[in-house]
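For reference, the structure is listed below as structure tokens.
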Amino acid sequence: MQSSNFIFKNTSLLPKLGCYKAEAPSNIALVKYWGKHGEQLPTNTSISFTLNECKTKTEVHLLEKIEADDQFHFEVYFNNYLKPDFKPKIKTFLKRIEIYAPFLKSFKFEIRTQNTFPHSSGIASSASGMAALAKCILQMEQNIFVDLQEDFLVQKASFLARLGSGSASRSTNGGLVVWGEHSSIENSSNFYGIDYPYEVHDNFKSFCDTILLVDQGKKEVSSSVGHNLMHNHPFASQRFKQADDNIEKIKAIFESGDLMSFINLIEFEALSLHAMMMTSQPYFLLMQPNTLEIINAIWAFRKETQTPVGFTLDAGANVHLLYPKSSESKVLDLIEQKLKYFCQNQSFIKDYVKI
Ligand code: PMV
């Protein structure tokens, strides 16, 4: 499907006034997206697990607009507080999606949103946030056209979400999601995420993700700045090739069920992502001393017990511990006895993945 398929053609039709609600989960990339071109198109394919507990819940209240101008009139509330600082990113999103949802300029609207996890802590809040907002906007389109096909809705939700935040394209549906065209993944697209189309070994069907909150503050470097730094990055082309090769490798791992290879691959991906950050110009570092303490503790634990538990990182200091449900009690013991002391306020979030 091309982007022109998602253009909203009958611009005189409007949705009804009222409240449009949606929620969307966060996701954690196993093979990471870092670098983009054109209008929010990825420079490499990525694949993620969708989480179940970490979510954004959003309501968009469409109200009458008095002004007869060609501007977006909206306010954003986060946890019931007015958030003018959230507006620029959302305005950029609204401008990008204008031809796909032109009715928005005919209304005044309030976006009311809340997360089940700390905002901007490196947990992909922009992913779930933009995905939930995109789904609200798509509901407005459904309010106008009641008989839109399921396939179209699934693709357009992800398509719109991508225009808010690349990784949000992987947060509109669920399970294991691929975003970005790849010759080995049928029907993969740069425009939207798709459900991973192949059989996955039972070892991956019930996975846990415990997020160790090393730092719950706001990120110092936004991911859009980070993506842009890949443009003149000395290792960019190698990195994009590496990620595409890792998609091939993870495909084989999902088939074989080889947990130790899976762990090796996700850790390699996480450290490669951070290596890109550390070697861009300007360079930056998002890991913190406690991130490294946790990584070393996981490696020691794995060496000692052979428990299949590995880590991945997003663009932040927090550590996602990934492990099969069968290792849960051992890993939770490790967290209680050791790892939580490296977390801010000893806090962590238990989440899980369903495929
Ligand atoms: O969606 P963005 O533009 O915030 O980029 C996020 C990129 C990473 O989270 C670091 C990796 C990924 O693939 O999710």
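The values are calculated or read from the model by the stated rules, or taken from the named source; none is laboratory data. Everything numeric in this text was worked out from a predicted model, so none of it was measured. Here the Cβ is made from the backbone with ideal geometry for all residues, glycine too, and neighbour counts use every protein chain on show. Surface accessibility is based on the protein's heavy atoms, side chains included, excluding ligands, DNA and RNA. Shrake-Rupley method; radii C 1.70, N 1.55, O 1.52, S 1.80 Å.
Identify, from the list N296, N290, N345, the residue that is at positive phi and either open to solvent by 20 Å² or more (accessible area, probe 1.4 Å) or away from the ligand (no atom under 16 Å from the Cβ) (or both).
Working: N296 fails: at positive phi; N290 fails: at positive phi.
The match here is N345.
For the structure I just gave you, tell me whether A161 is open to solvent by less than 20 Å² (accessible area, probe 1.4 Å), within 16 Å of the ligand (Cβ to nearest atom), free of Cβ contacts under 8 Å to residues at least 60 places away in the same chain and not charged (D, E, K, R).
Working: open to solvent by less than 20 Å² (accessible area, probe 1.4 Å): yes; within 16 Å of the ligand (Cβ to nearest atom): yes; free of Cβ contacts under 8 Å to residues at least 60 places away in the same chain: no; not charged (D, E, K, R): yes.
No: the conditions fail for A161.
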TODO: For the stretch 108-119, indicate whether the set of residues that are within 16 Å of the ligand (Cβ to nearest atom), within 22 Å of V177 (Cα to Cα), at pLDDT below 95 and open to solvent by less than 50 Å² (accessible area, probe 1.4 Å) is non-empty.
DONE: yes
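Among the residues of the stretch 255-263, is any within 15 Å of the ligand (Cβ to nearest atom) and either under 22 Å from the mean Cα position of the chain (by Cα) or closer than 21 Å to A168 by Cα (or both)? Give the derivation first.
Keep residues of the stretch 255-263 that are within 15 Å of the ligand (Cβ to nearest atom), which gives none.
No: zero hits.
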Open item on the list: For the stretch 303-334, give me the residue count where each residue is crowded, with 18+ Cβ neighbours inside 10 Å, over 22 Å from I355 (Cβ atoms) and out of contact with any Leu (no Cβ under 7 Å at 6 or more places or on another chain).
Closed with: 1
Task: Residue check for Y352: touching an Asp or Glu at 6+ places or on another chain (Cβ under 7 Å), surrounded by fewer than 17 Cβ atoms within 10 Å (Cβ to Cβ) and modelled with pLDDT of 95 or more - done: yes
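Yes/no matrix, rows are residues, columns are (1) open to solvent by 10 Å² or more (accessible area, probe 1.4 Å); (2) within 16 Å of the ligand (Cβ to nearest atom); (3) touching a strand residue (DSSP E or B) at 6+ places or on another chain (Cβ under 7 Å):
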position: S167; (1), (2), (3): yes, yes, yes
position: S171; (1), (2), (3): no, yes, yes
position: S184; (1), (2), (3): yes, no, no
position: Y196; (1), (2), (3): yes, yes, yes
position: N203; (1), (2), (3): yes, no, yes
position: I211; (1), (2), (3): no, yes, yes
position: S224; (1), (2), (3): yes, yes, no
position: N246; (1), (2), (3): no, yes, yes
position: I250; (1), (2), (3): no, yes, yes
